[in-house]
Amino acid sequence: MKPPVSFMQSLEALHPGSLTKLSSTIAVLVEEKLWARILLGMLAGLGFGLVLASYGEQVGRFMNWLVLPAKFFLKLIQMVIVPLIIASVIRGLASTEDANQMKTLGVKFSFFVLATSVLAAALGVVLTTWVAPGAGLGLSGGIQAAGGGAGFDREMINPDMLLNLLPGNPLASIVEGQMLEVVILSLIMGVALISVEPDQARSVLGMLETVQSVCMTIISWAMKLAPYAVFGMIAQVSATTGVKALGRMGLYMGTAFLGFALMIAIYVLVVMLARKHSPIGFLKAVSSPMLLAFSTS
């Protein structure tokens, strides 16, 4: 009889060699210190925007061009994020040859993703409601529209929230960019694909592998724009609001940092309880990817 599979072993089994393209692309971005260049772009944009603020309305047309890389960056990410999530989650669940073991891992992984996603969304709502970090920054409608669609509606926090998370109309969830519903849809499809005959599932997995590779290639292109996108966005905001933007931007970044810190604390707790790992070792292992995630948020 095989020894029981622990929860952390289950999660580790969901990172097989078939996802090399995904992990290698992220590794390249980390090695290139993308997070450092983004933070540098943020500081440079802040200083440049404060200089432009002294010229008043004379730089209005120039601002429209300055923020163009940011809009283009957001559109590129929006274009591929849904197919990337679907392909990555389904392939991650269906990539183990042992179907019986994978069903067990799939259930555990589905619960883990669902629980942490709901927790992160609820935490984001609480923090933004409490702090209101974006108030007074005067973000342009174009950027807000480009970044919209992936938020978590406050009205969803009610006894029917879990039912609302189940996508009744998958196509509508995909079109509207409801990320949590897309993840749940992908989890359900991945678990179902495990039960399909291997010969039938192989063609679907091959197609998803191609989709994933294409999406990650586009993501890598978009990430090269990220420092310039951040520079343009921060410059526009600071030029529009002037010196008072400093405090609001600091509050915004502080709120985002607090949210990340709380989620990292939750992950550390899970690691300690499920595998008895050292928190220090875990934090060292995930430090670079976490910096990348924070800087691109």
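Key figures for this structure:
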read-out	value
Output for region 46-80, where each listed residue is touching a Gly at 6+ places or on another chain (Cβ under 8 Å) and either under 10 Å from G232 (Cβ atoms) or buried (at least 17 other Cβ atoms within 10 Å of the Cβ) (or both)	L50, A53, L66, V67, L68, P69, A70, K71, L74
Test: M223 is assigned to a helix (DSSP H, G or I), closer than 19 Å to V80 by Cβ and in contact with a helix residue (DSSP H, G or I) (Cβ under 8 Å, 6 or more places away or on another chain)	yes
Residues of region 106-139 satisfying the condition of being at pLDDT 75 or above and among the polar types (S, T, N, Q)	T116, S117, T128, T129
Those residues of region 279-297 which are of a type in the set (G, A, S), modelled with pLDDT under 75 and more than 24 Å from A132 (Cα to Cα), in sequence order	A285, S287, S288
Matching residues, region 175-200, being touching a helix residue (DSSP H, G or I) at 6+ places or on another chain (Cβ under 6 Å) and modelled with pLDDT under 80	L180, V191, I194
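The values are calculated or read from the model by the stated rules, or taken from the named source; none is laboratory data. Everything numeric here is computed off the predicted structure, so don't read it as measured data. Every residue, glycine among them, receives a Cβ derived from its backbone with ideal geometry; neighbour counts consider all protein chains shown.
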